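Taking it in order: structure first as structure tokens, then the write-up.
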There are 2 protein chains.
Amino acid sequence: MADIIHRVGIAGSAGDVYKALITNEGLSTWWTTDTSGAGGVGSIIQFRFGGGGPDFKVVEQKPDSLVRWAHSGETPEAWMGTEVSFELTNGEGQTYVLFKHSDWKASSDFMGHCSTKWAVFLLSLKQAVETGKGKPFPDDVPIDHD
Amino acid sequence: MADIIHRVGIAGSAGDVYKALITNEGLSTWWTTDTSGAGGVGSIIQFRFGGGGPDFKVVEQKPDSLVRWAHSGETPEAWMGTEVSFELTNGEGQTYVLFKHSDWKASSDFMGHCSTKWAVFLLSLKQAVETGKGKPFPDDVPIDHD
């Protein structure tokens, strides 16, 4: 098993960050503008990137402190069986987001790609909360020339 | 043991990327402007960030394909026993860099911070090779408010 881990500090309240993680509107500000299905525990969120994209089932939501999703469906294949979590903690003048994309079957080129891309999207989340404008797909920062 | 992994595609030759990984001048364009000691296998590179910073011993250098460093010295403590590698492969119109910072004793908040920060610096490497100007420390992209 292999995990991706990231941590950013966002100048905003835990409530502001939490909101950006649990609603279609919030998620659309930083990951992809084509987000639907977000709701309470058990809801399935569909993230689309110009056609395809992953589904995640909401597993746990603790207001202002934790959001946990389990990958659902079969796209991308390497994400099957993986889980994503966002843990929020208060720091001085910021809320820390500890992000994990856990339980990959094996390390791979694609996992490296996703790890870098998650960093880019977490900085987009940071920017969205701090300035009101993130860089969600299709305006995301490119990390290669595919 | 836990590993950080990233992958970026850089519009440049493997030779251009390799040069940015093996000389003080090259490393200064994307990680920190205060870099010294880079040389052949066995040399110890000192990376400084406004005072302190890590040392790495060059373990392996295969022209245009692989650079491997072993952490040396005692700063930061969590990096002791870890290794960094850059594997270069040719893609269409780009050189892929598969980056690993391997053999952390355990996952931690600090490892999350470093993972995100490595992504930022790899995008700085990408920018340096593609445009001639990266964002090395002290002009690096902030990921928190410390």
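Readers should treat all values here as calculations from the given coordinates under stated rules, not as data from a laboratory. All values derive from a computational prediction rather than experimental measurement. Methodologically, a virtual Cβ is constructed for each residue, glycine included, from the backbone with ideal geometry; neighbour enumeration extends over all protein chains shown.
Can you list, shortest first in nanometers, how far B:Gly40 lies from the same residue in the other copies, with each label 7 Å from Cα toward Cβ?
6.9
Sorted from shortest, what are the nm distances separating the label point of B:Lys133 from equivalent points in the other copies, each placed 7 Å from Cα along Cα to C-beta?
So the label point of B:Lys133 gives 2.1 nm to the other copies.
Please say if segment A:7-90 is rounded, prolate or oblate, where rounded means a/c under 1.5 for a ≥ b ≥ c the square roots of the C-alpha gyration tensor eigenvalues, and otherwise the choice is prolate for a/b larger than b/c and oblate otherwise?
Working: a/c = 1.83, a/b = 1.52, b/c = 1.21.
Prolate, because a/c is 1.5 or more and a/b exceeds b/c.
Counting Lys +1, Arg +1, Asp -1, Glu -1, what net charge surrounds B:Ser43 among other residues with beta carbon under 14 Å of its beta carbon? Intermediate values should be presented prior to the final figure.
Details: positive: B:Lys57, B:Arg68; negative: B:Asp55, B:Glu60.
That works out to 0.
How large is ³J(HN,Hα) for each residue in segment A:87-99, as worked out from phi by the Karplus curve 6.51 cos²θ - 1.76 cosθ + 1.60 (θ = phi - 60°), to whole Hz, x for Gly and Pro?
9, 9, 9, 7, x, 6, x, 7, 10, 7, 10, 9, 9
Could you please rank B:His6, A:His113, placing first whichever residue has the fewest other Cβ atoms within 10 Å of its Cβ?
Working: B:His6 28, A:His113 20.
Listed from fewest to most nearby Cβ atoms, that is A:His113, B:His6.
Using every Cα-Cα pair within chain B, state what percent have a distance larger than 23 Å. Provide the component values of the computation, followed by the final result.
On the way: 3036 of 10585 pairs.
Percent of Cα pairs beyond 23 Å in chain B: 29.
Compute, for chain B, the length of the dipole vector about the Cα centre, with Cβ point charges of +1 (Lys, Arg) and -1 (Asp, Glu) only. Units Debye, rounded to 20.
Working: 12 positive and 19 negative charges, 50 e Å.
The calculated dipole for chain B is roughly 240 debye.
Return the chain B residue and its Cβ-to-axis distance, rounded to the nearest Å, for the rotation relating B to A.
Residue and rounded Å distance to the axis: B:Ala119, 2.
Can you find, among B:Ser13, B:Leu66, B:Phe47, the residue sitting farthest towards the positive end of the charge dipole of chain B, where Lys and Arg contribute +1 and Asp and Glu -1 at Cβ?
Most positive-ward Cα: B:Ser13.
Tell me, what is the percent relative contact order of segment B:57-146, built from C-alpha pairs under 8 Å that lie six or more residues apart?
Details: 105 pairs, mean separation 13.8, N = 90.
Over segment B:57-146, the number comes to 15 percent.
Here are some pairs, A:Lys57/B:Lys135; A:Lys133/B:Lys117; A:Lys135/B:Lys135; A:Lys105/B:Lys100; A:Lys135/B:Lys117; A:Lys19/B:Lys117; which of them have Cα atoms lying more than 27 Å apart in this structure?
Numbers: A:Lys57/B:Lys135 38 Å; A:Lys133/B:Lys117 21 Å; A:Lys135/B:Lys135 19 Å; A:Lys105/B:Lys100 17 Å; A:Lys135/B:Lys117 18 Å; A:Lys19/B:Lys117 25 Å.
Long pairs (Cα-Cα over 27 Å): A:Lys57/B:Lys135.
Identify the chymotrypsin sites (Phe, Trp or Tyr not before Pro) of segment A:1-74 meeting these criteria: DSSP loop state and at most 16 other C-beta atoms within 10 Å of the C-beta. Provide the component values of the computation, followed by the final result.
Values: sites: A:Tyr18, A:Trp30, A:Trp31, A:Phe47, A:Phe49, A:Phe56, A:Trp69; in loops: A:Trp30, A:Trp31, A:Phe49.
Listed in order of number, the matching sites are A:Phe49.
With each pseudo-label sitting 7 Å past Cα toward Cβ, what's the B:Asp103-A:Lys105 distance in nm, one decimal?
A separation of 2.8 nm, rounded to one decimal place.
Amide H neighbours of A:Ile10 under 5 Å, counting only residues 5+ apart in sequence or on other chains, H built in-plane at 1.01 Å?
Counting only residues 5 or more places away or on other chains, the set is A:Thr95, A:Tyr96, A:Val97.
Which of rounded, prolate, oblate describes segment A:85-124, given a ≥ b ≥ c as roots of the alpha-carbon gyration tensor eigenvalues and a/c under 1.5 marking rounded, otherwise prolate only if a/b is larger than b/c?
Values: a/c = 4.39, a/b = 2.00, b/c = 2.19.
The shape class here is oblate.
Using just the helices of the protein assembly as shown, give the 222 nm mean residue ellipticity in deg cm²/dmol: DSSP H runs with n ≥ 4 each add -39,500 (n - 2.57), and the total is spread over all residues, rounded to 500.
Helix contribution divided over all residues of the protein assembly as shown: -8000 deg cm²/dmol.
Test of understanding: ordering A:Met1, B:Met80, B:Met111 by Cβ neighbours within 10 Å, fewest first, what list do you get?
Working: A:Met1 10, B:Met80 15, B:Met111 23.
Ranked by crowding around the Cβ, least crowded first: A:Met1, B:Met80, B:Met111.
If amide hydrogens are placed 1.01 Å from N in the peptide plane, which non-local residues have theirs closer than 5 Å to the one on A:Gly53?
none
If you line up the long axis of helix A:109-131 against the longest principal axis of chain A, both from Cα atoms, how many degrees apart are they, to the nearest 10?
That works out to roughly 20 degrees.
Whole angstrom only: what separates the Cα centroid of segment A:16-69 from the Cα centroid of segment A:114-131?
Segment A:16-69 and segment A:114-131 have Cα centres separated by 14 Å.
How far, in nm to one decimal, is B:Gly93 from itself in the other copies if the label point is set 7 angstrom along Cα toward Cβ? Shortest first, please.
4.2
Using C-alpha positions alone, give me the convex hull volume of the protein assembly as shown per residue in cubic angstrom. Mind dumping the intermediate values first?
Values: hull volume 36.1 nm³, N = 292.
It is 124 Å³ per residue.
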